[in-house]
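Enquirer: Below: one structure in structure tokens.
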Amino acid sequence: MTISNQKGGVGKTTTTVNLAAALAKSGARVLVIDLDPQGNASTALGAEHREETPSVYDVIVGDKAMADVVQKSPEFDTLFCVPATIHLAGAEIELVSLVAREQRLRRALDIFLDAQEIPFHYVFIDCPPSLGLLTINAFVAAREVLIPIQCEYYALEGLSQLLKNIQLIEQHLNPELRVSTILLTMFDQRTNLAQEVASEVREHFPQQTLKTVIPRSVRISEAPSYGQSVIEYDEMSSGSLAYLEAAAEIGHRGIRREVATNGS
Ligand code: ADP
Ligand code: MG
């Protein structure tokens, strides 16, 4: 599942890290691929990502195996991170001249996943805030897109552009791809605006929008500086509970889908 929205600061990284931690806490094996040169997901997961650290850059632009760059989270035994370093900032340009430039992540990920003795239940890809080749690599590697939407001004701005791009990828590069999940983030229930944004999103995406909304919470924004998810940092805080609940919804949907497929 790729977490995408070309707007910056909407909660992509926060959602990636905390959903991954919440699912890992429930025993799932979870892989997070940090595809943002800023490396915020790597930081929040306590993964090393200094300039010389082997990273997703070496996998996508170089020929390193994903198995050689993946790190285990210090927080949960079943949570793993493919870190991003500052080198990734040049990748958009370097990728242009490479063969199969849209498929590099998918190929590396497929090889990695096929070689696992115990399979991963979830793979999350944290996207940069742009619709360039890195994000395209994420769309090609994923089956599902999760779009976090910040319940504030201009929340829906750019959304139709994003959906159009996803549709193009589906038509030309990855027929499996679909927007499965929308998560409302930074929700402040005291404001009418947040309520309005929420109901507008639910109207447009009744199936995809999770019932759980993520409240605006200081604990959520504090956790990354300790290299922790909010679940580890302050488990009983409103933000932690919300991400645990959102993860449970996602887990539950996964199971129901499996049951439905097996039954038919
Ligand atoms: P993106 O990855 O889309 O750029 P981030 O996840 O990095 O967005 O979030 C942007 C900023 O907002 C970060 O400083 C983060 O800590 C903060 N933030 C995200 N979600 C919340 C929330 N629910 N409550 C409070 N602060 C949040
Ligand atoms: Mg981010």
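The values are calculated or read from the model by the stated rules, or taken from the named source; none is laboratory data. Here the structure is a predicted model, which means the values were calculated and not measured. Ideal geometry is used to build each Cβ from the backbone, glycine not excepted, and the neighbour counts take in all protein chains shown.
Enquirer: Could you please let me know if ALA248 is surrounded by 16 or more Cβ atoms within 10 Å (Cβ to Cβ) and in a helix (DSSP H, G or I)?
Expert: no
Enquirer: The conditions are (1) more than 16 Å from ligand 2 (Cβ to nearest atom); (2) assigned to a helix (DSSP H, G or I); (3) at pLDDT below 95, and GLU75 fails exactly one of them. Which is it?
Expert: (2) is the only condition that GLU75 fails.
Enquirer: For the stretch 176-213, enumerate the residues that are within 22 Å of ARG253 (Cβ to Cβ) and small (Gly, Ala, Ser). Write out each step before concluding.
Expert: Just the residues of the stretch 176-213 that are within 22 Å of ARG253 (Cβ to Cβ), to begin with: 176-185, 187, 198-199, 201-213.
Across the stretch 176-213, the qualifying residues are SER180, ALA198, SER199.
Enquirer: Does ALA115 count as more than 16 Å from ligand 1 (Cβ to nearest atom) and either hydroxyl-bearing (Ser, Thr, Tyr) or touching a residue at least 60 places away in the same chain (Cβ under 8 Å) (or both)?
Expert: Judged against the criteria, ALA115 is not a match.
Enquirer: Can you name the residue in the stretch 33-57 that is outside any loop (DSSP other than H, G, I, E, B) and either closer than 20 Å to MET1 by Cβ or free of Cβ contacts under 8 Å to residues at least 24 places away in the same chain (or both) and, of all such residues, is farthest from ligand 1 (Cβ to nearest atom)? Lay out the reasoning, then the answer.
Expert: Here is the first cut: in the stretch 33-57, the ones outside any loop (DSSP other than H, G, I, E, B) are 33-34, 40-44, 56-57.
Within this subset, residues satisfying the condition of being either closer than 20 Å to MET1 by Cβ or free of Cβ contacts under 8 Å to residues at least 24 places away in the same chain (or both) are 33-34, 40-42, 44, 56.
Values: ILE33: 14, ASP34: 11, ASN40: 5, ALA41: 8, SER42: 12, ALA44: 9, VAL56: 16 Å.
Filtering the stretch 33-57 for residues that are outside any loop (DSSP other than H, G, I, E, B) and either closer than 20 Å to MET1 by Cβ or free of Cβ contacts under 8 Å to residues at least 24 places away in the same chain (or both), the one farthest from ligand 1 (Cβ to nearest atom) comes out as VAL56.
Enquirer: Let me ask something else. Would you point out which residue out of GLU152, GLU203, GLU176 is among the charged types (D, E, K, R) and buried (at least 16 other Cβ atoms within 10 Å of the Cβ)?
Expert: Sole residue among the options that is among the charged types (D, E, K, R) and buried (at least 16 other Cβ atoms within 10 Å of the Cβ): GLU152.
Enquirer: Name every residue in the stretch 7-42 that is more than 22 Å from MET186 (Cα to Cα), within 11 Å of ligand 2 (Cβ to nearest atom) and surrounded by fewer than 23 Cβ atoms within 10 Å (Cβ to Cβ), in order of residue number.
Expert: Selection gives PRO37 alone.
Enquirer: Right, here's the next one. List, please: which pairs have Cβ atoms under 8 Å, are six or more places apart or on different chains, and start with a residue in the stretch 170-194 that is more than 29 Å from ALA141 (Cβ to Cβ) and end with one that is outside any loop (DSSP other than H, G, I, E, B) and among the aliphatic types (A, V, I, L, M)?
Expert: PHE187/ALA194; PHE187/ALA198; ASP188/ALA194
Enquirer: A further question follows. Here are VAL145, VAL213, VAL140: which of them is among the hydrophobic types (A, V, I, L, M, F, W, C), under 25 Å from LEU31 (Cα atoms), in contact with a Phe, Trp or Tyr (Cβ under 6 Å, 6 or more places away or on another chain) and surrounded by 13 or more Cβ atoms within 10 Å (Cβ to Cβ)? Steps first, answer last, please.
Expert: Numbers: VAL145 fails: in contact with a Phe, Trp or Tyr (Cβ under 6 Å, 6 or more places away or on another chain); VAL140 fails: in contact with a Phe, Trp or Tyr (Cβ under 6 Å, 6 or more places away or on another chain).
The unique qualifying residue is VAL213.
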